[in-house]
1. Take the residues in the stretch 42-53 that are in contact with a Phe, Trp or Tyr (Cβ under 7 Å, 6 or more places away or on another chain) and under 28 Å from H78 (Cα atoms), then tell me which one is surrounded by the fewest Cβ atoms within 10 Å (Cβ to Cβ).
2. Hey, among the residues in the stretch 26-56 that are among the acidic types (D, E) and in contact with a strand residue (DSSP E or B) (Cβ under 8 Å, 6 or more places away or on another chain), which one's farthest from C116 (Cα to Cα)?
3. If I ask for residues that are in contact with a strand residue (DSSP E or B) (Cβ under 7 Å, 6 or more places away or on another chain), β-branched (V, I, T) and either within 15 Å of T91 (Cβ to Cβ) or part of a loop (DSSP other than H, G, I, E, B) (or both), which ones from the stretch 104-123 would you list?
4. Among the residues of the stretch 27-40, is any more than 22 Å from K129 (Cβ to Cβ), within 13 Å of the chain's Cα centre (by Cα), outside any strand (DSSP E or B) and in contact (Cβ under 8 Å) with a residue 40 or more places away in the chain?
5. Given (1) out of contact with any strand residue (DSSP E or B) (no Cβ under 6 Å at 6 or more places or on another chain); (2) touching a residue at least 60 places away in the same chain (Cβ under 8 Å); (3) among the basic types (K, R), where does R59 come up short, assuming only one miss?
6. Search the stretch 81-110 for residues that are surrounded by 14 or more Cβ atoms within 10 Å (Cβ to Cβ) and pair each with any residue that is outside any helix (DSSP H, G or I) and at pLDDT below 95 when their beta-carbon atoms are under 6 Å apart and the residues are at least 6 apart or on different chains.
7. Check the stretch 10-24 and report whether any residue there is free of Cβ contacts under 8 Å to residues at least 24 places away in the same chain and either exposed (fewer than 11 other Cβ atoms within 10 Å of the Cβ) or farther than 15 Å from R124 by Cα (or both).
Amino acid sequence: MLKRFTLETNSRDQLVEVTSQIQQMIDEQKVTEGIIVVYCPHTTAGITINENADPDVKRDMIRRFDEIYPWHHHLDRHIEGNTAAHLKASTVGSSQQIIITEGKLLLGIWQGIYFCEFDGPRTRTFYAKII
């Protein structure tokens, strides 16, 4: 089954946890074993798995991405002016694959699945497919 999700981001850079939506999809489909692929079809956003216990992790990640990929660089030529967003999205990646076992996502105790916005605010979509 393929499911399309929509979300609204409210800042240029934002990590939005989507773990509960993905788990809800698994629950609705009554899947007990398999793999779920979470995919982002945008060139300036991505999907990652990281710590979901301490909100400072998200803030630190965004800050460090900005340090590595500054929004304005005098050598950037992309006319839209969002080269940094493309670089951040390529670094994070467009998808994650997570094992499903006993009906639950196989994540570490502190892990969550995040939609990573790097060129917001926008209305975004992402997809999940259970295999």
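1. It comes out as T48.
2. E33
3. None - no residue of the stretch 104-123 is in contact with a strand residue (DSSP E or B) (Cβ under 7 Å, 6 or more places away or on another chain), β-branched (V, I, T) and either within 15 Å of T91 (Cβ to Cβ) or part of a loop (DSSP other than H, G, I, E, B) (or both), so the list stays empty.
4. no
5. (2)
6. Once the first residue is surrounded by 14 or more Cβ atoms within 10 Å (Cβ to Cβ) and sits in the stretch 81-110, its partners that are outside any helix (DSSP H, G or I) and at pLDDT below 95 give T83/D76; A84/W71.
7. Taking every residue of the stretch 10-24 in turn, at least one turns out to be free of Cβ contacts under 8 Å to residues at least 24 places away in the same chain and either exposed (fewer than 11 other Cβ atoms within 10 Å of the Cβ) or farther than 15 Å from R124 by Cα (or both).
The values are calculated or read from the model by the stated rules, or taken from the named source; none is laboratory data. Just so it is clear, the structure is predicted and the values come from calculations on it, not from any experiment. In this analysis, Cβ positions are derived from the backbone assuming ideal geometry, glycine residues included, and neighbour counts consider all displayed protein chains.
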